[in-house]
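I have placed the structure first, in the form of structure tokens, so that the comments after it can refer back to it.
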Amino acid sequence: MTGTITFTMIKPSAFSAGFTGNILARFEEGGYKIIALKKIFLTKEQAGQFYEMHQGKPFYEELTNFMSSGPIIAAILEKENAVESFRKFIGATDPAKADEGTIRKLYGKSLSENAVHGSDSDESAQREAGFFFSSLERS
Ligand code: CMP
């Protein structure tokens, strides 16, 4: 149902730093139900496809190199008004500007290494969830 799901990734830096368990626990404490979850190591091409809307932007190359530099955790989360509430929950894209107590403030290091991704609209959430998960994996 549109509006109830968002898509997230725990990015390579946060995964390799061992923050996965803490971040997933915070998602659950925030009321987000994990309805699909996997660890995956993206190729540069796959990262480029996922972030295709940013193609041509100055940070695209750095972003796709980074997102294919190590394993990530991909997840679909469910909650009422999931996209908007999750964006507030994780904090501003730049961890330096994120509010205290948000995931990006706690676990992010820089604009690229900002710990987690969160969908920016219901349409993106549907596309991104479908990019990583089959219907069998999200039942
Ligand atoms: P994310 O939510 O995964 O969506 C796109 C990513 O691009 C963003 O988080 C940042 O990690 C990264 N990024 C790097 N530089 C910028 C920038 N100048 N503006 C927005 N996003 C950026």
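Throughout, read-outs are computed from the coordinates displayed, never taken from laboratory work. What you are looking at is a predicted structure, and each value in this text was computed from that prediction instead of being measured. A quick note on method: Cβ atoms are made from the backbone with ideal geometry, for glycine too, and the neighbour counts reach across all protein chains shown.
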Could you give me the ³J(HN,Hα) list for region 101-106, computed from phi with Karplus coefficients 6.51, -1.76, 1.60 and θ = phi - 60°, whole Hz, x at Gly and Pro?
x, 7, 4, 6, 5, 6
Do any chymotrypsin sites (Phe, Trp or Tyr not before Pro) in region 54-96 lie in a DSSP loop with no more than 14 other beta carbon atoms within 10 Å, and if so, which?
59
Got a sec to turn the phi values of region 26-37 into Karplus ³J(HN,Hα) couplings, 6.51 cos²θ - 1.76 cosθ + 1.60 with θ = phi - 60°, whole Hz, x for Gly and Pro?
5, 4, 5, 4, x, x, 8, 8, 7, 9, 7, 7
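Compute the relative contact order of the chain as a whole-number percentage, counting only Cα pairs closer than 8 Å that sit 6 or more residues apart in sequence.
About 38 percent, as a whole number.
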As a percent rounded to 5, the proportion of antiparallel DSSP bridges among beta bridges in region 5-115 is 100
Given the -39500 (n - 2.57) contribution per DSSP H run of 4+ residues, what per-residue ellipticity at 222 nm results for the chain, rounded to the nearest 500 deg cm²/dmol?
-10500 deg cm²/dmol
Taking θ as phi - 60°, what are the ³J(HN,Hα) couplings along region 61-71 by the Karplus curve (6.51, -1.76, 1.60), each to the nearest whole Hz, with x for Gly and Pro?
5, 4, 5, 6, 5, 5, 5, 10, 8, x, x
Past 20 Å, Cα to Cα, is the threshold; run 38/88; 88/109; 11/79; 39/97; 57/88; 44/105 against it and keep the listed order.
38/88; 11/79; 39/97; 57/88; 44/105
